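The values are calculated or read from the model by the stated rules, or taken from the named source; none is laboratory data. Just so it is clear, the structure is predicted and the values come from calculations on it, not from any experiment. Heads up, the Cβs are rebuilt from the backbone with ideal geometry, glycines too, and the neighbour counts pull from every protein chain shown.
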Amino acid sequence: MPVQATSIEPPRREVDHEPVPDRRRPRASHACTRKKEAGRARGWTVSDFAFPDVPARSRHWWLVLTPGNADVCDTDPGFEVSVTVTADLRDMVRIWRGDLHWQDALRSGALDLQGPETVRRTLPTWFALSPFATIPRPAIPVRGPSVG
C-alpha cells in the first residue's frame with residue numbers, strides 16, 4: 001500500500017483568553033488607588049519593598065496593611081510610606097522560604113529597613129513566611145570520591 005505524504009499541523013492551543021487578566025498592566029487593587037487622606041484616616045501602614053537587583057519598572061512593590069488585610073501594589077499607592085525594606089529579590093525569597101532568618105539578614109546587611117524604630121521592630125511579625133518554611137530541609141548527602 002503506498003504511503004501518502006500529508007502535511008501534519010502541530011497541535012494548536014485552544015485557550016480562552018477572556019478570563020485571563022491583562023499581563024501587561026495588572027489591575028490595581030482598590031487600596032492602591034485611594035487618596036492619601038483616606039489612608040491616613042483609616043490608619044493604614046504602607047511598606048515599600050525595594051529590590052535593587054531587578055529592572056527599574058519592577059523594583060518597588062508596596063504593601064498597604066490594615067488589621068487583618070494586606071494589599072500588594074505594583075504602583076505607588078500615594079500613601080505616606082511607614083517603612084522601606086531594601087533587599088535583593090533572592091535574599092527576600094530566602095527569608096520568605098525560611099532559609100535565611102530575618103535577624104541574620106539584617107546583621108549581614110542583606111536586608112535594610114528604613115523607618116521609625118517601632119515599625120522596624122514589628123515588621124517581621126507582619127511578614128508571613130511560606131507555609132513550608134518550618135519544614136526541615138533534608139540533609140544533602142556528602143558523596144565520597146568515586147571508586148572505579
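Observations
- Single residue of the stretch 115-132 satisfying the filter (within 15 Å of the chain's Cα centre (by Cα), part of a loop (DSSP other than H, G, I, E, B) and not polar (S, T, N, Q)) that is farthest from Ala70 (Cα to Cα): Pro131
- Subset of the stretch 55-74 (residues that are among the polar types (S, T, N, Q) and closer than 19 Å to Val93 by Cβ): Ser58
- Some residue of the stretch 92-104 being aliphatic (A, V, I, L, M), within 13 Å of Phe49 (Cβ to Cβ) and without any contact (Cβ under 8 Å) to a residue 12 or more places away in the chain: yes
- Of the residues making up the stretch 75-94, just one is within 11 Å of the chain's Cα centre (by Cα) and among the β-branched types (Val, Ile, Thr), namely Val93.
- Of the residues making up the stretch 112-136, those that are touching a helix residue (DSSP H, G or I) at 6+ places or on another chain (Cβ under 7 Å), within 20 Å of Val72 (Cα to Cα) and either surrounded by fewer than 13 Cβ atoms within 10 Å (Cβ to Cβ) or hydrophobic (A, V, I, L, M, F, W, C) (or both) are Leu113, Leu129.
Yes/no matrix, rows are residues, columns are (1) modelled with pLDDT under 95; (2) touching a helix residue (DSSP H, G or I) at 6+ places or on another chain (Cβ under 6 Å); (3) charged (D, E, K, R); (4) closer than 20 Å to Gln114 by Cβ:
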residue	(1), (2), (3), (4)
Arg40	yes, no, yes, yes
Val46	yes, no, no, yes
Ala50	no, no, no, yes
Val54	yes, yes, no, yes
Thr66	yes, no, no, no
Asp74	yes, no, yes, no
Pro77	yes, yes, no, yes
Val81	yes, no, no, yes
